[in-house]
Amino acid sequence: MRKFIVALMVLCIAVAMTLGTATAEEIWDFHLRGHTEGLSLGAAPPPGVYMIDETFIAPAFKLYGDDGHTIPGPKLFAFVNIPTFVWSTGYKFLGADYMCGFMQPWDYTNLTIQQKTFPTTFEGGSQWGAYNTVLLPAMLSWQLPFNLHAMAGFEVGLNDGTTSPGNRVIAYSANGLKYAQRYQSDGGIYAESSNDTYVFAPLWGLSWLCNGWNVSVFGEYDFSTKDTDTNYQSADEIGMDYTVAYNWRKWTFGFGAESQFQVGNDKFASQAPGAPAGIFSYRGQPGTRAENFTAGPLIGYNFGAVDTMFIYNFPLYTKNDVGGQWFEFRILVPLGNPCDWLK
């Protein structure tokens, strides 16, 4: 039964820290990179309500350009926590087990900028805030022949995030120009806690579970609305996670990997010369198609009713995105079955 409980962590579909430049995608990816590594993604857990908490840490993400090489200057520390509540209803729909849930991520980041081309070296700024609320109205899980389990679902990211910068650092050059305005309108150097967009994302997953082995793949396709404040339209993005793991007694050992890539270039709406007021033209932005690949080991332990897992990934390739090593710790706690409470 434990492997089915662990599978419920797949519902923590959320965000990954992805700081962009003025001509790159929105600040955050919707899919938290690699967060389903080590999980059996297709199987439904026993009926009940579950609390899942994920902590994602990127100690020193760097910015990568269109050629896949680092761009000197920006460095980002990111701490992301994602509390999630999920209900495995025990009801059937289209022959599948039906589940639903929601999550409210929050984060702390510290951004450091160093520009050797300017007379002044930029320092950094920190911020904390809440990411957009994520709703999961439906997730369906089918048990198939040959120890296979498949799932399909849908989630929505609301446009309700907040940002509370804790340390606005303003940098000036020798002639008094405020270069930090290139990053935020108030002159500070910090990363916003969320995107000013709505996101709609279909999900899918497939798991082979046999004799303690778990071979799984998970994917989602993210559609983002236009950022009306900046007239910026991020291209659609596909996020994939991969797992090969083995359960031995209370332990889980394995290896995971993740990939993310945009299917096109981002677009920016600008006022065409001579066009009537309010008439904008969308133009594709070259060098904005983000890609990243990471991989690494994982280890999990079961404390009776509570499951835990630790993941480490090292970078393999990044383009038009931030990248680097990252760590994640997850915990799952069953809270009981509301259907039993109502009896």
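The values are calculated or read from the model by the stated rules, or taken from the named source; none is laboratory data. Since this is a predicted model, take the numbers as computed values, not measurements. Because the Cβ atoms are built from the backbone with ideal geometry, glycine has one as well, and the counts that use them run over all protein chains shown.
Within region 313-328, identify whether any single residue is surrounded by 15 or more Cβ atoms within 10 Å (Cβ to Cβ), among the aliphatic types (A, V, I, L, M) and more than 26 Å from SER234 (Cα to Cα), and answer yes or no. No: zero hits.
Residue count for region 117-165, restricted to those that are at pLDDT below 85, assigned to a loop (DSSP other than H, G, I, E, B) and hydrophobic (A, V, I, L, M, F, W, C): 2. Once region 29-84 is narrowed to residues that are small (Gly, Ala, Ser) and in contact with an Asp or Glu (Cβ under 6 Å, 6 or more places away or on another chain), the residue that is surrounded by the most Cβ atoms within 10 Å (Cβ to Cβ) is GLY34. TYR190 falls short on exactly one of the conditions (1) assigned to a loop (DSSP other than H, G, I, E, B); (2) at pLDDT 65 or above, and that condition is (2).
Yes/no matrix, rows are residues, columns are (1) outside any loop (DSSP other than H, G, I, E, B); (2) modelled with pLDDT under 85:
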site	(1), (2)
ALA7	yes, yes
ALA24	no, yes
GLY42	no, yes
PRO45	no, no
MET51	yes, no
PHE56	yes, no
PRO59	yes, no
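GLY205 meets each of the listed conditions (1) surrounded by 18 or more Cβ atoms within 10 Å (Cβ to Cβ); (2) in contact with a helix residue (DSSP H, G or I) (Cβ under 7 Å, 6 or more places away or on another chain); (3) modelled with pLDDT under 75 apart from (3). Taking the listed residues ASN175, ASN211, the one that is at pLDDT 85 or above and out of contact with any strand residue (DSSP E or B) (no Cβ under 7 Å at 6 or more places or on another chain) is ASN211, with no other qualifying.
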